[in-house]
1. Is there a residue being out of contact with any Ser or Thr (no Cβ under 9 Å at 6 or more places or on another chain) and hydroxyl-bearing (S, T, Y) anywhere in the stretch B:70-79?
2. For B:A91, are the conditions met, namely being farther than 26 Å from A:W10 by Cβ and in a loop (DSSP other than H, G, I, E, B)?
3. Considering only the stretch B:1-30, state which residues are more than 22 Å from A:P40 (Cα to Cα) and either hydroxyl-bearing (S, T, Y) or at pLDDT below 85 (or both).
4. Return the residues of the stretch B:41-62 that are more than 12 Å from chain A (Cβ to nearest Cβ), in a strand (DSSP E or B) and touching an Asp or Glu at 6+ places or on another chain (Cβ under 7 Å); say none if nothing qualifies.
5. So, in the stretch A:97-118, how many residues would count as being of a type in the set (A, V, I, L, M, F, W, C), in contact with a Lys or Arg (Cβ under 9 Å, 6 or more places away or on another chain) and at pLDDT 80 or above?
6. Every residue in the stretch A:22-61 that is within 18 Å of A:G112 (Cβ to Cβ) and more than 13 Å from every other protein chain (Cβ to nearest Cβ), please.
7. Can you pull out the strands (runs of 3 or more DSSP E) entirely within the stretch A:1-44 that have at least 1 residues that are surrounded by 13 or more Cβ atoms within 10 Å (Cβ to Cβ) and at pLDDT below 90?
Amino acid sequence: GAVVSQHPSWVICKSGTSVKIECRSLDFQATTMFWYRQFPKQSLMLMATSNEGSKATYEQGVEKDKFLINHASLTLSTLTVTSAHPEDSSFYICSARDPRLAGSGELFFGEGSRLTVL
Amino acid sequence: SQELEQSPQSLIVQEGKNLTINCTSSKTLYGLYWYKQKYGEGLIFLMMLQKGGEEKSHEKITAKLDEKKQQSSLHITASQPSHAGIYLCGADQSAGNMLTFGGGTRLMVKP
């Protein structure tokens, strides 16, 4: 089946540094990918919609200048947390839909990336 | 935006017992997804429901979408420790392909 892969699985960084998380669709092309964030013991919250070749669409309350999204190709979207602070520590997860499986409705999620900011 | 409420928030059952998790929407659901997640890991797709009255089963897990398409239930029969985890319902926001998630239900199955 379709696979979405994220890298890195976990990352620890110092406060003030920037961290890039990659989301790849391994065997299909995704014009749209979605980035979610999950804080401990909470559900997933949609952060932004990544659109290939155009600007990302951010949800209300999500700072676009802090969470930079780049969807440069049909198989790769990146989320960069700029000037990370401890409150940005969270589990970030991306998803995409395989257009070949449009009928199934399944939305594929990456393995997630755990960010810890010291 | 679509709001989803899941109940219960947490559940502890004895192995072998049946259980039901509910997901209620404030708006008509265009598509309702059920996922399972172990904390800190990715999501495992369980089922997707689109039609009012639709019911799907996978092994010992059955999900239903009511006729009005505003509520879904996930039923596990003869629960096992392997069923433990966080169950999330997600609503498809029309043709956007993005999902809004409920708060999740944390299930623990005692052997």
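1. Here is the first cut: in the stretch B:70-79, the ones out of contact with any Ser or Thr (no Cβ under 9 Å at 6 or more places or on another chain) are B:78-79.
So of that shortlist, the ones also hydroxyl-bearing (S, T, Y) come out as B:79.
There is at least one residue in the stretch B:70-79 that is out of contact with any Ser or Thr (no Cβ under 9 Å at 6 or more places or on another chain) and hydroxyl-bearing (S, T, Y).
2. Details: farther than 26 Å from A:W10 by Cβ: yes; in a loop (DSSP other than H, G, I, E, B): no.
When the stated conditions are applied, B:A91 does not pass them.
3. Residues satisfying the conditions are B:S1, B:Q2, B:T20, B:T24, B:S25, B:S26, B:K27, B:T28, B:L29, B:Y30.
4. The first filter runs over the stretch B:41-62 and keeps only residues more than 12 Å from chain A (Cβ to nearest Cβ), leaving B:52-53, B:55, B:57-62.
With in a strand (DSSP E or B) added as a condition, the list becomes B:55, B:57-58, B:61-62.
If the condition is that a residue be more than 12 Å from chain A (Cβ to nearest Cβ), in a strand (DSSP E or B) and touching an Asp or Glu at 6+ places or on another chain (Cβ under 7 Å), then B:T62 is the only one that fits.
5. Initial filter on the stretch A:97-118 (of a type in the set (A, V, I, L, M, F, W, C)): A:101-102, A:107-109, A:115, A:117-118.
Next, from what is left, pick out any that are in contact with a Lys or Arg (Cβ under 9 Å, 6 or more places away or on another chain): A:107-108, A:117-118.
Going one step further and asking which of them are at pLDDT 80 or above, we end up with A:108, A:117-118.
Going through the stretch A:97-118 one residue at a time, the tally reaches 3.
6. Answer for the stretch A:22-61, where residues must be within 18 Å of A:G112 (Cβ to Cβ) and more than 13 Å from every other protein chain (Cβ to nearest Cβ): A:E22, A:R24, A:S25, A:L26.
7. Working: elements: A:4-7, A:10-13, A:19-25, A:32-38.
Hits in the stretch A:1-44: A:32-38.
Here's the yes/no breakdown for (1) in contact with a strand residue (DSSP E or B) (Cβ under 7 Å, 6 or more places away or on another chain); (2) free of Cβ contacts under 8 Å to residues at least 40 places away in the same chain:
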{"position": "B:S7", "(1), (2)": "yes, no"}
{"position": "B:V13", "(1), (2)": "yes, no"}
{"position": "B:T20", "(1), (2)": "yes, no"}
{"position": "B:C23", "(1), (2)": "yes, no"}
{"position": "B:K27", "(1), (2)": "no, no"}
{"position": "B:I44", "(1), (2)": "yes, yes"}
{"position": "B:E59", "(1), (2)": "no, yes"}
{"position": "B:T62", "(1), (2)": "yes, yes"}
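The values are calculated or read from the model by the stated rules, or taken from the named source; none is laboratory data. Just so we're clear, the structure is a prediction, and the values are computed from it rather than from any experiment. A quick note on method: Cβ atoms are made from the backbone with ideal geometry, for glycine too, and the neighbour counts reach across all protein chains shown.
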